[in-house]
Amino acid sequence: MRRRRLLMVVVLALGLVGLMSSPAWAEGDTDGSTKGVVCVLADDPIAEDAATCELEDGTTGVVDDAATTAEKTKISLNMLWLVIGAALVIFMQAGFAMVETGFCRAKHASHVVMTNFMIFGLGFVAFFAVGYAFMFGATGAGAIGLQPLGDLVTLGGNASAGLFAKSGFFLSGDAYDVSVMGFFLYQVAFMDTVATIPTGSMAERWNFKNFIMWGLFCGAIFYPLYGNWVWGGGWLSQLGNSASLGHGVVDFAGSGVVHAMGGMAALSGALILGPRIGKFDKDGKARAMPGHNLPLAFMGVFVLLFGWFGFNGASTFAATDLRFTTVVTNTAIAGAFGAVTAMFVMMWKFGKPDPSMCANGMLAGLVAITAPCAFVAPWAAMVIGIIAGALVIAAVLFVENRLKIDDPVGAIAVHGVNGLFGVLAVGIFADGKYGDGWNGVSGNVKGLLYGDWGQFGAQAIACGVIMVVGIGLSYSFFKLTNKIVPIRSVEADEVSGLDLPEMGAMAYPDFLEAQGTVFLSSDDLLVGAGVGGHGGPGNGGAAAKLRSEVGA
Amino acid sequence: MKRVQAVIRPERLDAVQHALAESGFHGFMVHDVRGHGSGEATNTGEYRGVTFAMSVKHKLLVDLLVEDDEVMDVAAVFQSTASTGQPGDGLIFVIDITAVYPITVPVQIS
């Protein structure tokens, strides 16, 4: 059995190597030597010592050394900014891990942190293999303005207006190119952000084996599909040309592509999983299940804020595009106003600021500004932050008290609801100062406050598509995989804590005494930290009893 | 006066606490303890490729003082709310108390 499996792996690996090394596939610019070369008309006759090059019309020209040096410096600068951005966004994974683990209970801590950690690798593997090719395989220079990266990211020709692109699998062929390498690293970081959003709403009860399938699916299909439609030259990005709706769907750094899509998956996942045992009492009233480490969660929020400057700022793909300073500052403005608004709303409604809600408020502001950050004025960033900070509280309470969906960290409210709001905000607040040529439409991007209702229409269509495709795709995926590996953890494991039964390791094996203080709280269900019983004969009864009592 | 000490499963505390309050017992202490019930299953942990048994489990010791004639009532509360019918549910100890002094009032109350 083991031998047969080994054989299969070897055959697969050999096939892969064969595919990669196929001589028919031309490679891109693997050392960057052709990037930024400025070719000018040559004197006649061409000087003997001059470096020749090919002009656009096919005739021979000479390299303009001074202009080439300037152009190469510019491209290097842009690429450096992009790679710094990629590193910042990848560090956001640490932020997500800290926020989600801190907001969850101690007995599940190593399970929650493992989902946040492994999602990076799982999503990466799938995105590298096929996801990137599906999403950006048809990226033309016109689609999202890749000229600053050396103008060579033109895999598979120009924008396709299609549903799926298909070249650059395993970064082979044309994709083996210095510009594509930088671009890929940046994009894979965004994909991982989407993938890690549902781990929050589904925390404390998501069977790890089912989770593995989500990681691969998200990197291969879930993210690239809608991503291609907006960022890869797909049909939504072409609405400006095809249906005269402004610039088509405009989503600067991914309120929709990243956050709202992740939020939709978070919604379907939490809906299918059902609430954690004990979350709702017999009358269906929500009970508090406080997270076990708020300082850790807040550290995570700051890490996310830090990473967001790369998430939004480097989405210009160019340090030479000075608009990036507007982008990062707008980002900070919305985050600050989101946190402050959430704090005041909570103080007004409940009397105290409620730390975890303030954290959600800042994240909501950041999510909402992600799409419009490059297109709006600072005052609009402020308004967006204020709306987001209030909206997230309304959404958290609505999801919990009306929809009766258990979302331990508020992922649906933060990423789903505010992601959709961010997409709409472009169509409202874009002030016509930036975005000339976006999606191949000339003129700057304007929202309805500045007279372009078409842009608002495109953004509204995007919201509709996100909801239909995001929920539809993820809901069917979770339903389907539930048949292969149950999506919900075993009840007894959930009661005792998933750390030992699913991970084999507790997050805090030595700290049982230290956790004693929380046992005096009236909410028992946050206890059981540490060594609960594994699915032995003991806890099945406990879980069933708990269930019958709390009616969950 | 008796001291009733019950070892329970941590996840039963909420039910126990509510039932105690309903029966009129409002004051109690909770100790964080570890132990292993006779016949209770053993957990298996795994750390860096090493599998190990963890027979000692996390339990809570609920501790309260009652009048002699209330002991059976309290015991009944524990038996009805902390029991799952499986090994490892815990035990109830009843101990004689000779004196109790409140911290704030400098007189002996029993």
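Values in this text are rule-based calculations from the coordinates and carry no lab data. This one's a predicted model, so the numbers in the text were calculated from it and none came from an experiment. Neighbour counts run over all protein chains shown; Cβ positions are idealised from the backbone, glycine included.
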Amide H contacts under 5 Å for B:T44, restricted to residues at least 5 apart in sequence or on another chain and with H modeled in the peptide plane, are B:M54
Each residue of the stretch A:276-293 in turn: what ³J(HN,Hα) in whole Hz from Karplus with 6.51, -1.76, 1.60 and θ = phi - 60°, glycine and Pro shown as x?
4, 4, x, 5, 10, 7, 4, 8, x, 7, 5, 10, 6, 10, x, x, 8, 8
Tell me, how many Å apart are the Cα centres for the stretch B:57-110 and for the stretch A:394-455?
57 Å
List the pairs from A:K404/B:K57; A:K209/A:K285; A:K107/A:K483 whose alpha-carbon separation is above 29 Å, in the order I gave them.
A:K404/B:K57; A:K209/A:K285
Mean other chain Cβ within 10 Å across B:14-21 is 3
Between B:K59 and residues 5 or more places away or on another chain, the pairs with built amide H atoms under 5 Å apart involve B:V33, B:R34, B:G35
Assertion target for A:W81, A:W206, ordered by fewest C-beta neighbours within 10 angstrom first, is A:W81, A:W206
Could you pull out every one of the aspartates and glutamates with an alpha carbon less than 17 Å from that of A:K349, ignoring same-chain neighbours closer than 8 positions?
A:E400
By how many degrees, 0 to 90 and rounded to 10, does the Cα axis of helix B:13-22 deviate from the longest principal axis of chain B?
20 degrees
The long-range amide H neighbours of B:L91, using H built 1.01 Å from N in the peptide plane and a cut-off of under 5 Å, are B:V7
Shielding by partners - mean other protein chain Cβ count within 10 Å, residues of B:93-105:
0
By the mean-Cβ-within-10 Å protection proxy, highest first, A:417-424, A:68-75 rank as A:417-424, A:68-75
Based on other C-beta atoms within 10 Å, arrange A:I412, A:I212 from fewest to most.
A:I212, A:I412
Got a sec to turn the phi values of the stretch A:457-466 into Karplus ³J(HN,Hα) couplings, 6.51 cos²θ - 1.76 cosθ + 1.60 with θ = phi - 60°, whole Hz, x for Gly and Pro?
x, 4, 5, 5, 4, 4, 4, x, 5, 4
For the stretch A:327-454, the spread of Cα positions along each principal axis, largest first, Å
48, 26, 21
Nearest 10 degrees, 0 to 90: helix B:71-81 Cα axis against chain B principal axis
30 degrees
I'd like to compare A:221-234, A:480-493: which one has the highest average count of other Cβ atoms within 10 Å, and what's the full order after that?
A:221-234, A:480-493
Averaged across the residues of B:1-13, what count of C-beta atoms belonging to other chains lies within 10 Å of each residue's C-beta?
5
Semi-axes a, b, c in Å (a largest) for the stretch A:31-134, each sqrt of 5 times a Cα gyration tensor eigenvalue, come to 51, 15, 8
Averaged over every viewing direction, what's the projected area of the C-alpha convex hull for the protein assembly as shown? Give it in nm², one decimal, please.
36.3 nm²
